[in-house]
1. Tell me, which helices (runs of 4 or more DSSP H) wholly within the range A:47-151 include 1 or more residues that are touching a strand residue (DSSP E or B) at 6+ places or on another chain (Cβ under 6 Å) and away from chain B (no Cβ under 12 Å)?
2. Checking the condition over 22 Å from B:Phe26 (Cβ atoms) and surrounded by 17 or more Cβ atoms within 10 Å (Cβ to Cβ), which residue from B:Leu220, B:Leu244, B:Leu192, B:Leu196 passes?
3. Taking the conditions exactly as written (within 30 Å of B:Pro197 (Cα to Cα), open to solvent by 60 Å² or more (accessible area, probe 1.4 Å), touching a residue at least 24 places away in the same chain (Cβ under 8 Å) and more than 16 Å from ligand 2 (Cβ to nearest atom)), does A:Pro104 satisfy them or not?
4. In the list A:Arg233, A:Arg186, A:Arg260, A:Arg229, which residue meets the criterion of being within 24 Å of A:Gly83 (Cβ to Cβ) and surrounded by fewer than 16 Cβ atoms within 10 Å (Cβ to Cβ)?
5. Can you spot a residue in the range A:293-308 that is among the β-branched types (Val, Ile, Thr) and under 27 Å from the mean Cα position of the chain (by Cα)?
6. Where in the range A:239-339 are there strands (runs of 3 or more DSSP E), lying fully within it, with 1 or more residues that are free of Cβ contacts under 8 Å to residues at least 60 places away in the same chain?
Amino acid sequence: MPTPQAAELTARSIRKEFGEFVALDDVSLTIGRGAFVTLLGPSGSGKTTFLMVLAGFLPPTAGEVHQDGRDITALPPEARGFGMVFQGYALFPHMTVAENIAFPLKVSRRSGAEIRRRVAEMIEMVGLSGHGHKRPAALSGGQQQRVALARALACEPAVLLLDEPFSALDKNLRGQMQDEVRRLHREIGTTFVFVTHDQSEALALSSTVAIFDHGRLQQAGGPQEVYERPANRFVAEFLGDINILPISGAEAQGGVGHGRFEGRAIRASCGAAGATAALAVRPEHMRLELGEPAGGNAIPLSVTDLTYMGAETRLHLVSGGGTPVILSVPTAAMPAAVTPGAAVWAAWAEDRGFFL
Amino acid sequence: MRQITRSLVLLGPLLILLALAYILPFLGILRWSVTLPEPGLGQYRAALSDPLILSVFWRTLRICAVVTVLSVSAGYAVALLWVWGGPVARLLTELCIFIPFWISVLTRAFGWLSILSNRGLVNSWLEGAGLIAEPLALVRNEFGVIVGMTHFLIPFAVFPIASAMRSVDERVLMAARGMGAGRARIFWQVFLPMTLPGVLGAALLVFVFSIGFFVTPAILGGGRSVMVAELIYLRIFQSPDWGLAAAVSVILMIAIAGFLALLLRKMTPGDAR
Ligand SMILES: Nc1ncnc2c1ncn2[C@@H]1O[C@H](COP(=O)(O)OP(=O)(O)O)[C@@H](O)[C@H]1O
Ligand SMILES: [Mg+2]
């Protein structure tokens with residue numbers, strides 16, 4: 001089996017209008033050879049539209065799509081030869097599993113023997129041995145998903161595009177399928193572009209996360225980068241719970257921002273953007289202290305509520321000025337004295353806070 | 001249980017009307033078929049052995065089969081235009097489907113008569129163009145009956161087919177296209193098989209409907225292409241032979257009930273294969 005040639009895809013200033021409505025606005029993104037890129041965003045943010053532009057099903061209103069440096073904007077989808085897993089699977093309901101997987105091979109005029117060999121290989125690869133003769137309606141959601149993957153990968157595409165493949169699956173199955181897709185990506189080495197609205201799925205799977213909102217690309221970067229250094233408030237809030245503290249008199253000096261939160265001096269490292277009036281700290285990056293710590297960033301708070309979540313406990317706190325703060329503490333390390341109404345301190349390292 | 005009682009009370013008047021208007025007369029016919037002119041199954045034996053009656057049954061089946069194939073094929077094309085056509089095509093198709101419903105079956109049969117008769121539009125055009133010397137026999141035969149019935153039944157074929165087409169997930173077609181399948185392959189190997197349940201439903205509906213046709217074959221067949229319903233009429237009103245007419249009616253009813261049962265099984269969701 002020849003190893004497929006993974007492709008690099010580049011979108012340049014893609015704009016897509018539906019009548020008056022702007023679904024994509026100036027989206028530029030490079031998807032590296034063999035990368036696993038997720039397109040993440042809330043429903044209606046333009047993820048599917050962008051995927052359809054990459055696949056060639058939708059012509060962009062403006063902008064270009066390049067594959068390995070070649071302009072493919074005008075190339076129809078059938079000439080691009082990408083694999084695609086549609087939202088809702090889009091299997092052929094009247095064909096068996098084997099026939100579904102054989103369809104693209106027949107279209108590309110492979111010999112009968114090769115089709116049989118390849119279909120058997122794909123069925124084996126996605127773990128559907130023994131189900132080849134079944135119709136999609138006789139399969140579970142997870143199994144249908146595997147058929148869609150096998151069908152999309154049958155012709156060794158240079159790029160595999162997946163549109164919310166797991167959104168219809170329950171949580172356990174979803175985790176299992178995520179592992180499966182990661183394994184397939186490792187084994188095949190082709191370029192994956194994966195759409196999801198689930199931030200933990202995006203962080204867990206990909207080498208690059210591209211976050212969309214209202215048709216604009218908000219930020220693209222590695223999972224740790226976008227989670228810990230979000231480019232803006234939308235990204236920060238979309239990727240997980242975050243505490244946002246209003247800061248007065250913020251100013252930057254040599255890469256460190258200073259300011260005051262309800263009168264207490266706060267320091268945080270800041271980039272070129274400088275210090276702003278909003279400091280963000282993730283709940284798991286804050287430390288719970290019973291008394292005032294000796295140094296560093298710390299603010300006094302009172303407990304309003306506790307939520308037991310198994311391995312961790314979430315503390316809901318409020319500052320004297322009324323700013324809500326969430327803290328997540330390992331349940332095993334939870335002091336017994338912390339009950340609703342108790343006065344506590346939250347402390348965090350200088351490099352854990354960032355200005356938005 | 002209370003639910004059922006309630007619906008029975010609400011549906012009661014309708015059920016009584018149906019019983020009075022259909023079931024009682026049918027029971028009467030059933031009685032005639034085994035009592036006139038003398039008690040016994042003689043009329044059924046006669047109906048199923050009389051070559052004339054058998055030829056009418058055979059002709060009815062033949063005409064209905066041809067009409068079904070033609071109506072469903074044409075209905076498929078019309079449904080394609082209706083579901084997938086541009087906005088103008090869609091509107092025009094819709095008009096062409098719905099307008100016939102407002103025109104009486106009698107008017108339509110006479111319309112076809114004026115188009116197909118010896119001095120009708122078609123023959124006078126062809127003669128005027130010098131293509132034929134003698135008028136073609138387009139009506140008062142099976143051909144005319146088939147044209148008139150097909151025209152009447154196409155809209156009924158369109159509905160189940162269009163509904164099957166509407167339920168086809170567009171992404172499945174996109175998937176096929178993305179794999180490089182051409183339009184012909186997508187149609188024959190994906191779209192047509194996916195809409196086949198609608199086609200079967202339409203075929204059964206049209207076939208069952210066509211078996212009982214009376215006015216159209218009577219007018220366009222001109223007495224030379226008699227179908228079962230017209231045969232029953234003739235045996236009741238012209239050569240009074242009520243027992244035989246009743247027996248033929250019962251046979252027709254049983255045949256239609258059989259096809260209807262098949263239709264219901266096809267149409268019942270969950271049971272669909
Ligand atoms: N064919 C279309 N015509 C008009 N509006 C569309 C069309 N496709 C998508 N949109 C709009 O574009 C926006 C983005 O859609 P989509 O890309 O499907 O979002 P997502 O996949 O992120 O949920 C939505 O507001 C949607 O209503
Ligand atoms: Mg979508």
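1. A:47-55
2. Only one candidate passes the filter, namely B:Leu220.
3. no
4. The match here is A:Arg186.
5. Checked against the condition, which is being among the β-branched types (Val, Ile, Thr) and under 27 Å from the mean Cα position of the chain (by Cα), the range A:293-308 yields at least one hit.
6. A:248-253, A:256-261, A:264-269, A:287-289, A:297-308, A:312-319, A:324-330
Okay, residues lined up against (1) within 16 Å of ligand 1 (Cβ to nearest atom); (2) in contact (Cβ under 8 Å) with a residue 40 or more places away in the chain; (3) under 24 Å from B:Leu173 (Cβ atoms); (4) not assigned by TED's automatic domain parsing to the domain that holds A:Asp179:
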site	(1), (2), (3), (4)
A:Pro59	yes, no, yes, no
A:Glu64	no, yes, no, no
A:Phe82	no, yes, yes, no
A:Gly88	yes, yes, yes, no
A:Arg118	no, no, yes, no
A:Pro136	no, yes, yes, no
A:Gly142	no, no, no, no
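Here's the yes/no breakdown for (1) closer than 23 Å to B:Val206 by Cβ; (2) in a helix (DSSP H, G or I); (3) open to solvent by 20 Å² or more (accessible area, probe 1.4 Å); (4) without any contact (Cβ under 8 Å) to a residue 24 or more places away in the chain:
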position: B:Arg45; (1), (2), (3), (4): no, yes, yes, yes
position: B:Leu70; (1), (2), (3), (4): yes, yes, yes, no
position: B:Leu81; (1), (2), (3), (4): yes, yes, yes, yes
position: B:Val88; (1), (2), (3), (4): no, yes, yes, yes
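The values are calculated or read from the model by the stated rules, or taken from the named source; none is laboratory data. None of these values were measured; they are calculated from a predicted model. Here the Cβ is made from the backbone with ideal geometry for all residues, glycine too, and neighbour counts use every protein chain on show. Surface accessibility is based on the protein's heavy atoms, side chains included, excluding ligands, DNA and RNA. Shrake-Rupley method; radii C 1.70, N 1.55, O 1.52, S 1.80 Å.
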